[in-house]
Amino acid sequence: MLKVENLTCGYDLKFNLSDINFNVNKGEIVGIIGPNGSGKTTLLKAITKVIKPKKGRILLYDKDIQEIEIKDLAKKVAVISQYSEIGYITVEEFVLLGRIPHYKKFQFLETKHDMEIVKKCMILTDIFKLKDRFMGEISSGERQTVLIARALAQEPELLLLDEPTTHLDITHQIRILDLIKRLNKELNLTVIMVLHDLNLASEYCERLILINEGKIHSIGTPEEVLKYQIIEEVYKTIVVVEKNPISLKPFVLVVTEEARKRSN
Amino acid sequence: MKRKSIYWIYWILALCGLLLATSLFSLCTGSVGIPLKKILEVIFTGKGTTEYSIIFNVRLPRIILGFAIGGALALSGVILQGMFRNPLVEPYTLGISGGAALGVCLNIIFRLYQTFTVSTLPLFGFLGALLVILLVYFLSIKKGILKITELLLTGVMISFISSSLIMLIMAVSRAEDLHGIIFWIMGSLEEPNLILIKLALLISTIGLIISYLFWKDLNAFLLGEEEALHLGINTERTKRLLFILSSFLTGCSVSVAGIIGFVGLVVPHFIRMFVGTDHRILLISAFLSGASFLIFCDTLARIIISPLELPVGVVTGILGGSIFIYVLSKKQIILGGK
């Protein structure tokens, strides 16, 4: 459904991307990994039209996104980035903000249909019980779930997430990613997410795109990308790659300087 | 859903009631007290009496101007705070008042109001404001993108520059001019020109209507500029139009009534605590309460040291600030975070 062709884009000096080519199929979960400053977020921003490509194009269902109205794009693509504080807004009102792209030009009140979708999204993500709480009162794990519910209210076909598990403990990391996996299965939602944690990326993504210095280094299943040679080259860190005994997915273990000296 | 709209309607009715009450209070009180019971009688049958002339020539114009200016400033505050996602931004932060004050100062020291007429004072104020708006606007556009942080910084800097220039002018000006400048800067709803009052009323009402075309955009901006784009909002167009709308409202208010601080800062804040962040209710509520607040403060300014008058900016500052601190300490506020 999404095709990135020869994409070159970026800001003036840093985080430039060049010659990016990849496809994402409907219903896939694709993870974008790479060191800090490699251009992962820039790639997400290009897909959401925040920055314009200098060369190449991005096609959504074979249509160049530059030719799609941003309002129409918002009905197909939802983005979850970091939450920033808003005062005095309840969870329900917050989720309702996701309906904005669907309002008609001079529509003033949300319709029954809008409220049903909001309710459905809150039930699906299991936050219906929080609906009258303020965003400031709930925990950061709950807040992340609310962000997902808001994105779902857009009724997207493609969901983009920028580091959805940062600052969360493992309970919430797993809860969020399990939820995303479930939504992917139940709604046939295509997901592209930027992840820092290689092991979470390995467990949850069907394919990984490893970006290094603005270029795609490798692309493929977790088994193909998460090899110790590749990781050591890109991250410049000594690692050991094992297999998770339950899921049989690759598992990256770090080696500290002290341990390295000892083993030598 | 229905519940929310009904709640909104009640809320708007309550604010209209408050506005009516403050206006009546303002009509009754002053150096000549007119009892509430007598008001209707005077309005309908008292033509020719002193009371009639006090009500229609003195108090009513002030109330109408207070409504227009208070509403416009509060509305402009809501829009700017929403757009910048910064609760400390107010209409004067962007240097618009400084520009207007500078325009008026120049007019006064060069005695242009004597050569032409007194009505050139608001005109110069407006020109000053317009100049600053354009300056801030074009300095903040980088590569076709209006940068919100630069808008704020440029505005604050221009505000400093113009207030320093005003001090410079004051330092070298003659004593009689000095009085005029200070009087103007402190702000007043005393406006002999009826046409200006009507114009202010028209502009602020139209401003309110236009702001409603942007409720979706403002709500989306709650999430941040980039997120608003993700929700299908043309953020570049929205930022520009909202900046122009709010600064135009501020410029008009400042040039008619001088610098009346605090309304644009406190009222939006205050109202947000009660109605939440949805701009559909926030815009109208802020407008109505800003209007009531300014009319009330102006009445106090007239009566506290009657027959002399306090500058209304002093009253809005002291009253607004104290009420705000009181409410802030009483109400459990959820501003997000832990």
(message) Here is a list: A:Gly31, A:Gly56. Which entry is touching a residue at least 60 places away in the same chain (Cβ under 8 Å) and in contact with a strand residue (DSSP E or B) (Cβ under 7 Å, 6 or more places away or on another chain)?
(response) A:Gly31
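If you take the residues in the range B:154-191 that are among the small types (Gly, Ala, Ser) and touching a residue at least 40 places away in the same chain (Cβ under 8 Å), which one is surrounded by the most Cβ atoms within 10 Å (Cβ to Cβ)?
Quick first cut of the range B:154-191, residues among the small types (Gly, Ala, Ser) only: B:155, B:159, B:162-164, B:171, B:173, B:175, B:180, B:187-188.
If we keep only those that are touching a residue at least 40 places away in the same chain (Cβ under 8 Å) too, we end up with B:155, B:159, B:162-163, B:173, B:180, B:187-188.
Values: B:Gly155: 28, B:Ser159: 21, B:Ser162: 23, B:Ser163: 16, B:Ser173: 16, B:Gly180: 19, B:Gly187: 24, B:Ser188: 20.
Across the range B:154-191, the extreme among qualifying residues is B:Gly155.
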(request) Among the numbered conditions (1) assigned to a helix (DSSP H, G or I); (2) under 16 Å from B:Gly258 (Cα atoms), tell me where B:Val118 comes up short. (result) (1)
(message) Return the pair list, or none, for Cβ contacts closer than 9 Å from residues in the range B:78-106 that are over 15 Å from B:Ile166 (Cα atoms) to residues that are assigned to a helix (DSSP H, G or I) and of a type in the set (Lys, Arg), at least 6 apart or on different chains.
(response) B:Val78/B:Arg272; B:Gln81/B:Arg272; B:Met83/B:Lys239; B:Pro87/B:Arg272
(request) Hey, could you check the range B:121-147 for residues that are basic (Lys, Arg) and in a loop (DSSP other than H, G, I, E, B) and say which is farthest from the chain's Cα centre (by Cα)? (result) B:Lys143
(request) With the condition kept exactly as written, say whether any residue in the range B:236-245 is out of contact with any Cys (no Cβ under 8 Å at 6 or more places or on another chain), among the acidic types (Asp, Glu), part of a helix (DSSP H, G or I) and under 30 Å from B:Ala220 (Cα atoms). (result) yes
(message) Give me the strands (runs of 3 or more DSSP E) completely within the range A:172-233, filtered to those with at least 3 residues that are under 14 Å from the mean Cα position of the chain (by Cα), ordered by residue number.
(response) A:190-194, A:207-212
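Across the range B:12-42, what is the total count of residues that are under 24 Å from B:Pro307 (Cα atoms), in a helix (DSSP H, G or I) and among the hydrophobic types (A, V, I, L, M, F, W, C)?
8
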(request) Go through (1) surrounded by fewer than 21 Cβ atoms within 10 Å (Cβ to Cβ); (2) of a type outside the set (A, V, I, L, M, F, W, C); (3) away from chain B (no Cβ under 12 Å); (4) in a helix (DSSP H, G or I) and name the single condition A:Gln144 misses. (result) (1)
(message) I'm told A:Val50 meets every condition in (1) assigned to a loop (DSSP other than H, G, I, E, B); (2) among the aliphatic types (A, V, I, L, M); (3) touching a Gly at 6+ places or on another chain (Cβ under 8 Å) except one. Can you identify the failing condition by its number?
(response) (3)
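If you take the residues in the range B:264-280 that are among the β-branched types (Val, Ile, Thr) and more than 11 Å from chain A (Cβ to nearest Cβ), which one is surrounded by the fewest Cβ atoms within 10 Å (Cβ to Cβ)?
Our first condition is that a residue be among the β-branched types (Val, Ile, Thr); within the range B:264-280, this holds for B:266-267, B:271, B:275, B:277.
Next, only the ones that are more than 11 Å from chain A (Cβ to nearest Cβ) stay: B:266-267.
Details: B:Val266: 24, B:Val267: 31.
Among residues in the range B:264-280 that are among the β-branched types (Val, Ile, Thr) and more than 11 Å from chain A (Cβ to nearest Cβ), the one surrounded by the fewest Cβ atoms within 10 Å (Cβ to Cβ) is B:Val266.
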(message) I need the full set of residues from the range B:212-226 which are over 15 Å from B:Ser76 (Cα atoms) and not in a helix (DSSP H, G or I), in order please.
(response) B:Leu222, B:Leu223, B:Gly224
(message) So the check is Cβ under 6 Å with 6+ separation or different chains; which pairs have a first residue in the range A:235-255 that's closer than 12 Å to A:Glu223 by Cβ and a second one that's in a loop (DSSP other than H, G, I, E, B) and polar (S, T, N, Q)?
(response) A:Phe251/A:Asn244
(request) Scan the range A:106-116 and give yes if some residue there is within 12 Å of chain B (Cβ to nearest Cβ), crowded, with 20+ Cβ neighbours inside 10 Å and not in a loop (DSSP other than H, G, I, E, B), otherwise no. (result) no
(message) Which condition from (1) touching a helix residue (DSSP H, G or I) at 6+ places or on another chain (Cβ under 9 Å); (2) more than 14 Å from chain A (Cβ to nearest Cβ) is the one that B:Ala220 breaks?
(response) (2)
(message) Checking A:Thr48 against (1) crowded, with 20+ Cβ neighbours inside 10 Å; (2) within 30 Å of B:Arg280 (Cα to Cα); (3) over 16 Å from the mean Cα position of the chain (by Cα), only one condition comes out false. Which one?
(response) (3)
(request) Of the conditions (1) assigned to a loop (DSSP other than H, G, I, E, B); (2) of a type in the set (Phe, Trp, Tyr); (3) more than 19 Å from the chain's Cα centre (by Cα), A:Phe94 clears all except one; give me its number. (result) (1)
(request) Mind listing whichever residues of the range A:191-217 are of a type in the set (Gly, Ala, Ser) and at pLDDT below 95? (result) A:Gly214
(message) I'm trying to understand the selection: among the residues of the range A:75-94, which are closer than 14 Å to A:Pro156 by Cα and either more than 10 Å from every other protein chain (Cβ to nearest Cβ) or not β-branched (Val, Ile, Thr) (or both)?
(response) A:Lys75, A:Lys76, A:Ala78
(request) Hey, could you check the range A:61-74 for residues that are crowded, with 17+ Cβ neighbours inside 10 Å and part of a helix (DSSP H, G or I) and say which is nearest to the other protein chains (Cβ to nearest Cβ)? (result) A:Ala74
(request) Among the numbered conditions (1) more than 10 Å from chain A (Cβ to nearest Cβ); (2) buried (at least 24 other Cβ atoms within 10 Å of the Cβ), tell me where B:Gly261 comes up short. (result) (2)
(message) Condition (residue is within 14 Å of chain A (Cβ to nearest Cβ) and either under 20 Å from the mean Cα position of the chain (by Cα) or surrounded by fewer than 21 Cβ atoms within 10 Å (Cβ to Cβ) (or both)) applied to the range B:192-210: is it met by at least one residue?
(response) yes
(message) Give me the residue from the range A:76-90 that is touching a Gly at 6+ places or on another chain (Cβ under 9 Å) and not in a loop (DSSP other than H, G, I, E, B) and, out of that set, surrounded by the most Cβ atoms within 10 Å (Cβ to Cβ).
(response) A:Ala78
(message) Which condition from (1) part of a strand (DSSP E or B); (2) more than 14 Å from chain B (Cβ to nearest Cβ); (3) surrounded by fewer than 16 Cβ atoms within 10 Å (Cβ to Cβ); (4) not acidic (Asp, Glu) is the one that A:Ile58 breaks?
(response) (3)
(message) With the structure loaded, tell me whether B:Thr299 is at pLDDT 90 or above, assigned to a helix (DSSP H, G or I), away from chain A (no Cβ under 14 Å) and closer than 17 Å to B:Val78 by Cβ or whether it fails that test.
(response) no
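The values are calculated or read from the model by the stated rules, or taken from the named source; none is laboratory data. For clarity, every value in this text was computed on a predicted model and none was experimentally measured. Please note: Cβ atoms are built from the backbone with ideal geometry, for glycine as well, and neighbour counts cover all protein chains shown.
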